[in-house]
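Visitor: Take a look at the following structure, please.
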Amino acid sequence: KARFFKAYISTLKILWRYLFLAFRLKFSSKTRRAEKSLQAHQKTAQEIRQMVLSLKGLFIKVGQMLSIMTQFLPEAITQELQGLQDSTPPSPFKDIQERIESELKKPLSELFASFEEEVLASASLGQVHRARSHQGEELAIKIRHPGIETLVALDLRILRRIFNLLNWAFPNYGLKRSFEEIKEVVLQELDFKIEAKNLEILRKNLSQFSQILLPKSYPDLSTSRILTLEYIHGFKIRDLKSLEEHRIDPKEVAKLLVEIYCQQIFVDGFYHADPHPGNFLIQSQAGESPQNFRLVLLDLGAVSQVSAEMRQGMAQFMKGVLKRDTELLSQSMKDMGFIAQNEDEEVFNRIVEFFYERLKDIKIEDLQSFKLENLGKL
């Protein structure tokens, strides 16, 4: 109950702040509106961060999702929450050791030649430790936090109520559907066997990209609660200093990211659904080529498939582009969930016209290969 009230009261407090802010802004100058909005965003971000770190569990996952929603949320909020991307408070090593030995039915010393007590990384649902096999292979052991299953079940009930409240305040943004999507992804992430399967599917789907690297899994040392993977060296994708030191062009990294996500979404319909910076590493390669790096994909617990509605919406969108049918373009983007169904038609149609002007010179042959150079024509 204390957990529920803390989360619910924090949500109500934030809602009230913005409702009151909207009223005050009606009587403020443009400069004052900007100042008051920034102050509200900063205070909200700090409260969200403090709340998720104190509650832990699933709330950290929600905070991580908010931190990458830069197209929807103010920068003041997403910046404050970016610290949740890399690490969260870990479980004690004693509990982790007990879980490993219970799951794999052997003492830690028999399972691994060495096992580091220091946490390599910690996330909302589990944490990672480095180890070495008896054959000398470097390993990364991902262990689900003890007790997280009960906590997730509780947090999902709390989040359902919060999303219902938010849906009442903002009924046109599909928040109920968003909650169901979060629930589905989280329940998948709890089963590491699903993650191991996702890893192999994505490895096959992206096999044509020589610069993409996914870690090897070890089924004999894995269960639904433990996942043993090959340890891959690299530095974080947002480490601009390391990119510069290794003479890696950030534009080439961005180009590769765009290409693999186009492949995943438009061709395979199966994609890595948790693309925050903590889930990508860069591995430097010798040479002066623009492709002198490899991109490592981590944490395949959260994947998704393009729904039938989304596929239909994309097809209708392209049909609208070719026919220059603004009404069809508007409806297709609403069907795909980019804009609320009752959004102002006139304003939205102007937006569609703007995008059409940028798209009208794209040729069909340009759409047959997903290259950043072609996307640049937009």
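Visitor: For the range 240-275, which positions are part of a loop (DSSP other than H, G, I, E, B), open to solvent by 10 Å² or more (accessible area, probe 1.4 Å) and closer than 28 Å to R311 by Cβ?
Guide: A273, D274, P275
Visitor: Among the residues in the range 168-181, are any touching a Gly at 6+ places or on another chain (Cβ under 8 Å), farther than 23 Å from E309 by Cβ and not acidic (D, E)?
Guide: no
Visitor: OK, next. May I ask you to verify whether V152 is in contact with a helix residue (DSSP H, G or I) (Cβ under 6 Å, 6 or more places away or on another chain), part of a helix (DSSP H, G or I) and closer than 30 Å to Y18 by Cα?
Guide: Taking the combined requirement at face value, the residue satisfies it.
Visitor: Right, something else. Can you run down the residue pairs with Cβ atoms below 7 Å, 6 or more apart or on separate chains, where the first is in the range 69-96 and within 17 Å of V119 (Cα to Cα) and the partner is modelled with pLDDT of 85 or more and among the acidic types (D, E)?
Guide: Filtered contacts from the range 69-96: F93/E117.
Visitor: Something else about it: Please identify the pairs in which a residue from the range 286-299 that is closer than 22 Å to L214 by Cβ and open to solvent by less than 70 Å² (accessible area, probe 1.4 Å) has its Cβ atom under 8 Å from the Cβ atom of a residue that is in a loop (DSSP other than H, G, I, E, B) and of a type in the set (K, R), counting only partners at least 6 apart or on another chain.
Guide: Once the first residue is closer than 22 Å to L214 by Cβ and open to solvent by less than 70 Å² (accessible area, probe 1.4 Å) and sits in the range 286-299, its partners that are in a loop (DSSP other than H, G, I, E, B) and of a type in the set (K, R) give N292/R247.
Visitor: Within the range 17-67, take every residue that is part of a loop (DSSP other than H, G, I, E, B) and over 30 Å from N279 (Cα atoms) and give me the one that is modelled with the highest pLDDT.
Guide: That would be S29.
Visitor: Name the pairs whose Cβ atoms lie under 7 Å apart, with the first residue in the range 257-280 and in contact (Cβ under 8 Å) with a residue 60 or more places away in the chain, the second of a type in the set (G, A, S), and 6 or more positions between them or separate chains?
Guide: Qualifying pairs under 7 Å: A273/A302; A273/S304; D274/A302; H276/S67.
Visitor: Let me ask something else. Does any residue of the range 177-200 turn out to be part of a strand (DSSP E or B) and open to solvent by 60 Å² or more (accessible area, probe 1.4 Å)? Let's see the steps before the verdict.
Guide: First, the residues of the range 177-200 that are part of a strand (DSSP E or B): none.
Checked the range 177-200: no residue is part of a strand (DSSP E or B) and open to solvent by 60 Å² or more (accessible area, probe 1.4 Å).
Visitor: Return yes or no: is S54 under 29 Å from the mean Cα position of the chain (by Cα), surrounded by 15 or more Cβ atoms within 10 Å (Cβ to Cβ) and of a type outside the set (K, R)?
Guide: Criteria not met by S54.
The values are calculated or read from the model by the stated rules, or taken from the named source; none is laboratory data. A quick note: this is a predicted structure, and the numbers were derived from the prediction, not measured. Cβ sites come from the backbone with ideal geometry, for glycine too, and all protein chains shown count toward neighbours. Each accessible area value is taken on the protein alone, full model and side chains, heavy atoms only, with ligands, DNA and RNA left out. Shrake-Rupley method; radii C 1.70, N 1.55, O 1.52, S 1.80 Å.
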